[in-house]
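Here is the structure we will look at.
The values are calculated or read from the model by the stated rules, or taken from the named source; none is laboratory data. Keep in mind that this is a model prediction, so the values were computed, not measured. All Cβ positions, glycine included, derive from the backbone under ideal geometry; neighbour counts span all protein chains shown. Just so you know, the surface numbers come from the protein's heavy atoms only, side chains and all, with ligands and any DNA or RNA stripped out. Shrake-Rupley method; radii C 1.70, N 1.55, O 1.52, S 1.80 Å.
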Amino acid sequence: MPTSRKSWQIKSLLTAACLAVLSTGIAEATPESRAAANFLLFSPSARAGGMGDAYVAIVDDADATFFNPAALANDELRSLSTTMYRPVPSLANDIFPSFGAYTQPFGGVGNFGISMIYTSLGTQFRTDEQGQDLGTFTSFGVAFGVSYGAYITKSLSLGITTKLIHQNLAGSGAGAEQGSGTGTSFGADVGFLWKPGTFSLGWSLRNVGPNMTFIDADQADPLPQTFTIGFGWQFLNRENYSFLIAADVYKPLPDEGFGSFISGWSDGTVSEELKDMDYHAGGEWKYRLSEVTSFAVRAGYTFDHDGNRKSPTFGFGLKYDWANFDLAYFANGGTAVRNVFRFSGGFTF
């Protein structure tokens, strides 16, 4: 490998990517570690977090722009949602993801949404090719999305999110490298939701798009394409309280280029493909204090075999009239992502 390829820029790229991967509880050996723009994997919504991030079939607010745009089909859903947290406070306290989304119905033709993901990837150390200290710089990733969801039948809906993605790992190149440590690409999410009654089934294919180039085309990296399928069931719904359960199966698909969502299913043995999958499950008990006020208690579990993340999760939510606040806690005992809190708030009107 040429000496320039070992410069500070490559080191900073790998450092930032690995930190982003670690913050989702994924080890370096997992498929996600081969992808660029890993900040796209940070999940918003403390409600989802409290339920083990099992959310693709039950999301019902502006966070649908992230989890499943098909859930935007609700013509009465006008909402604003924000999320922020430090995913690895014990490892890197300066990594800070934030998410915001707004949805607006358009009388009978579906629901549109806009969203933004911004993640600070912290401070990096800059060195030259001889290892001399050149100071520090900051890294970040940002994505802007436009979403649309609509009913195809009375109980079935489809949705799509298109996004512009930019990641700044280093502001300038070093040595003979052709490019800087910044990359820009675009991607799309496609979602499906079937909800005939108290049961719902959904799936979402996320981050489908061309490779992202930082240094040169030969070193371009795929986007972190993923596929999630899950169900939800509100099997208890009384006048003052209800109970909901949900479960998701998540499959990372980063491979070579745009076609990762196809080739990512067969780039390893059957055993390896199964180990790549993550499993999420959770439940929510909600109690209505009045027509406009309620609180919820949540619990869940996340199982990530190859990322060595097996964590119970807990959550609490409070809704008053048009405002809501949610808190989630991830135990993750003995790992770099232990004792993580996720906060989110929003408005529905």
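Quick one: which residue in Lys286, Lys310 is at pLDDT 80 or above, within 21 Å of Ser242 (Cβ to Cβ), charged (D, E, K, R) and more than 17 Å from the chain's Cα centre (by Cα)?
On the way: Lys310 fails: within 21 Å of Ser242 (Cβ to Cβ).
Exactly one residue qualifies, and that residue is Lys286.
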Of (1) crowded, with 17+ Cβ neighbours inside 10 Å; (2) at pLDDT 95 or above, Leu164 satisfies all except one. Which? (1)
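Could you list, in sequence order, the residues of segment 247-277 that are assigned to a loop (DSSP other than H, G, I, E, B) and not acidic (Asp, Glu)?
Restricting attention to segment 247-277, the residues satisfying the condition of being assigned to a loop (DSSP other than H, G, I, E, B) are 253-259, 264-269, 277.
Residues satisfying the conditions are Leu253, Pro254, Gly257, Phe258, Gly259, Gly264, Trp265, Ser266, Gly268, Thr269, Met277.
I'm trying to understand the selection: among the residues of segment 43-58, which are part of a loop (DSSP other than H, G, I, E, B) and either basic (Lys, Arg) or open to solvent by 10 Å² or more (accessible area, probe 1.4 Å) (or both)?
Selection gives Ser43, Asp53, Ile58.
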Condition first: touching a Lys or Arg at 6+ places or on another chain (Cβ under 8 Å), open to solvent by 50 Å² or more (accessible area, probe 1.4 Å), without any contact (Cβ under 8 Å) to a residue 60 or more places away in the chain and not aromatic (Phe, Trp, Tyr). Now tell me which residues in segment 118-161 satisfy that. Asp133, Thr136, Val146
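For the structure I just gave you, tell me whether Phe258 is free of Cβ contacts under 8 Å to residues at least 60 places away in the same chain, open to solvent by 60 Å² or more (accessible area, probe 1.4 Å) and under 23 Å from the mean Cα position of the chain (by Cα). Please lay out each step first, then the result.
Details: free of Cβ contacts under 8 Å to residues at least 60 places away in the same chain: yes; open to solvent by 60 Å² or more (accessible area, probe 1.4 Å): yes; under 23 Å from the mean Cα position of the chain (by Cα): yes.
The answer is yes for Phe258.
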Top-ranked residue in segment 294-323 [being open to solvent by less than 60 Å² (accessible area, probe 1.4 Å), of a type in the set (D, E, K, R) and touching a strand residue (DSSP E or B) at 6+ places or on another chain (Cβ under 8 Å); ranked as nearest to Val340 (Cα to Cα)]: Arg309
Can you find a residue in segment 251-271 that is of a type outside the set (Val, Ile, Thr) and within 22 Å of Phe347 (Cβ to Cβ)? no
Segment 196-218 residues that are within 17 Å of Gly259 (Cα to Cα) and at pLDDT 80 or above, paired with ones that are part of a loop (DSSP other than H, G, I, E, B) and of a type in the set (S, T, N, Q) (beta carbon under 9 Å, 6 or more apart): Ser204/Asn68; Leu205/Gln225; Arg206/Gln225; Asn207/Gln225; Val208/Gln225; Gly209/Gln225
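Report whether or not Leu244 is open to solvent by 10 Å² or more (accessible area, probe 1.4 Å), assigned to a strand (DSSP E or B) and modelled with pLDDT of 90 or more. Reasoning before the result, please.
Values: open to solvent by 10 Å² or more (accessible area, probe 1.4 Å): yes; assigned to a strand (DSSP E or B): yes; modelled with pLDDT of 90 or more: yes.
Yes, satisfied.
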Failed item, numbered, when Gln234 is tested on (1) within 21 Å of the chain's Cα centre (by Cα); (2) modelled with pLDDT of 90 or more: (1)
Restricting to segment 226-244, what's the tally of residues that are farther than 19 Å from Ala64 by Cβ, touching a Phe, Trp or Tyr at 6+ places or on another chain (Cβ under 6 Å) and either basic (Lys, Arg) or touching a residue at least 24 places away in the same chain (Cβ under 8 Å) (or both)? 2
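Would you check if there is a residue in segment 206-221 being surrounded by 14 or more Cβ atoms within 10 Å (Cβ to Cβ), of a type in the set (Ser, Thr, Tyr) and part of a loop (DSSP other than H, G, I, E, B)?
Restricting attention to segment 206-221, the residues satisfying the condition of being surrounded by 14 or more Cβ atoms within 10 Å (Cβ to Cβ) are 206-209, 211-215, 219-221.
Right, trim to of a type in the set (Ser, Thr, Tyr) and you get 213.
Filter once more, so that each one left must be part of a loop (DSSP other than H, G, I, E, B): 213.
Yes: segment 206-221 contains one or more residues that are surrounded by 14 or more Cβ atoms within 10 Å (Cβ to Cβ), of a type in the set (Ser, Thr, Tyr) and part of a loop (DSSP other than H, G, I, E, B).
Take the conditions buried (at least 24 other Cβ atoms within 10 Å of the Cβ), of a type in the set (Gly, Ala, Ser) and modelled with pLDDT under 80 and apply them to Ser23. Does it pass?
Working: buried (at least 24 other Cβ atoms within 10 Å of the Cβ): yes; of a type in the set (Gly, Ala, Ser): yes; modelled with pLDDT under 80: yes.
So Ser23 fits the description; yes.
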